[in-house]
Amino acid sequence: MSRIGKMPIPLPKEVNISFDPSKIEVAGPKGTLACELPRGIGVVVEEGRILIRRDTEERSLRALHGLTRSLIANMVTGVTQGFAKKLEIIGVGFRADIQDNVLKLTLGFSHPVFFPIPEGIKMEVEKQTMITVRGVNKQLVGTVAAKLRSIKPPEPYKGKGVRYAGEKIRKKVGKTKA
């Protein structure tokens with residue numbers, strides 16, 4: 001039995017769950033999320049807890065058991081609390097601004113970079129150098145944050161670029177004159 005898959009997911013009172021053999025939908029105060037269930041994986045709701053069951057001990061089902069439980073737990077957390085990632089911009093003249101659902105980034109290129117904010121994501125810019133990406137879908141929040149970071153990743157000599165808040169960058173020593 002999967003150690004992660006057999007753990008129950010606590011179901012808060014404000015969360016409504018509906019499921020059929022192939023799909024699960026979780027609705028809460030922050031929004032609604034849906035997920036396809038793999039064939040052979042089932043969901044049971046007992047005493048305010050969600051339990052994930054599998055039909056057989058087949059290797060592929062054992063592999064999907066814990067994954068399915070984690071995805072559903074992330075859905076429950078997302079519709080109740082939401083997820084957030086913070087990015088910081090390091091560099092002289094580097095800044096961010098939001099205009100009409102588009103994030104405008106000035107990152108030392110010859111032109112500003114315009115990043116359209118996807119559906120289901122909220123962005124906040126604090127102090128022009130801190131970007132907060134918020135949403136109910138953990139995967140979407142992480143993907144958007146990774147795309148923003150990939151526009152100008154931190155370089156190893158001065159550390160200039162876009163990085164996650166608190167991320168440590170290993171700096172290299174520059175060349176020295178003999």
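The values are calculated or read from the model by the stated rules, or taken from the named source; none is laboratory data. Remember, it's a predicted structure, so these values are computed and weren't measured experimentally. A quick note on method: Cβ atoms are made from the backbone with ideal geometry, for glycine too, and the neighbour counts reach across all protein chains shown. SASA here: full protein model, heavy atoms, side chains in, ligands and nucleic acids out. Shrake-Rupley method; radii C 1.70, N 1.55, O 1.52, S 1.80 Å.
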With only Lys, Arg, Asp and Glu charged, each at its Cβ (+1 for the first two, -1 for the last two), find how big the charge dipole of the chain is about the Cα centre; round to the nearest 20 debye. 1300 debye
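Can you give the longest stretch of the chain with no exposed loop site, where a site means chymotrypsin sites (Phe, Trp or Tyr not before Pro) in a DSSP loop (not H, G, I, E or B) with at most 16 other C-beta atoms within 10 Å?
1-108
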Count neighbours as other Cβ atoms within 10 Å of each site's Cβ, and list the trypsin sites (Lys or Arg not before Pro) in the stretch 27-118 that are DSSP loop with at most 12 such neighbours. ARG39
Probe of 1.4 angstrom, ligands and nucleic acids ignored: what's the accessible area per residue over the chain, in square angstrom? 63 Å²
Taking protein heavy atoms only, a 1.4 Å probe, and rounding to whole percent, the accessible area of the stretch 1-65 owed to carbon and sulfur comes out at 51 percent
Matching label for the computed log10 I(q)/I(0) by the Debye sum over Cα atoms at q = 0.14, 0.17 Å⁻¹, out of (i) -0.83, -0.99; (ii) -0.84, -1.14; (iii) -0.73, -1.14, is (i)
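List the GluC sites (Glu not before Pro) in the stretch 1-100 that DSSP assigns to loop (not H, G, I, E or B) and whose Cβ has at most 16 other Cβ atoms within 10 Å. Which are they? Kindly include the intermediate steps, with their values, before the conclusion.
Details: sites: GLU14, GLU25, GLU36, GLU46, GLU47, GLU57, GLU58, GLU88; in loops: GLU14, GLU47, GLU57, GLU58.
Qualifying residues, ordered by number: GLU14, GLU47, GLU57, GLU58.
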Please turn the phi angles of the stretch 138-145 into ³J(HN,Hα) values with the Karplus equation 6.51 cos²θ - 1.76 cosθ + 1.60 (θ = phi - 60°), one per residue in order, whole Hz, x for glycine and proline. 4, 5, 5, 4, x, 5, 5, 4
I'd like the Karplus ³J(HN,Hα) series for the stretch 18-33: coefficients 6.51, -1.76, 1.60, θ = phi - 60°, whole numbers in Hz, and an x wherever there's a Gly or Pro. 9, 8, 10, x, 10, 8, 10, 10, 10, 10, x, x, 8, x, 10, 10
Work out the charge dipole of the chain with +1 on the Cβ of Lys and Arg and -1 on the Cβ of Asp and Glu about the Cα centre, then indicate which of ILE121, SER60, HIS111 is farthest towards its positive end. HIS111
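Per DSSP helix of 4 or more residues, -39500 (n - 2.57); summed, then divided by the residues of the chain. What does that give at 222 nm, rounded to the nearest 500?
-7000 deg cm²/dmol
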In the structure displayed, which of LYS85/LYS158; LYS13/LYS168; LYS138/LYS171; LYS30/LYS160 lie more than 28 Å apart, Cα to Cα? LYS13/LYS168; LYS138/LYS171; LYS30/LYS160
Spin-label proximity, LYS168 to the stretch 91-111 - amide N less than 13 Å from point 7 Å beyond Cα toward beta carbon: none
Cα-based helix-to-principal-axis angle, 59-80 vs the chain, degrees rounded to 10: 70 degrees
Compute the distance from the alpha-carbon center of the stretch 1-32 to that of the stretch 53-81, in whole Å. 9 Å
Nearest-0.05 FRET efficiency for GLU57 and LYS13 at R0 = 35 Å, using Cβ-Cβ distance, is 0.50
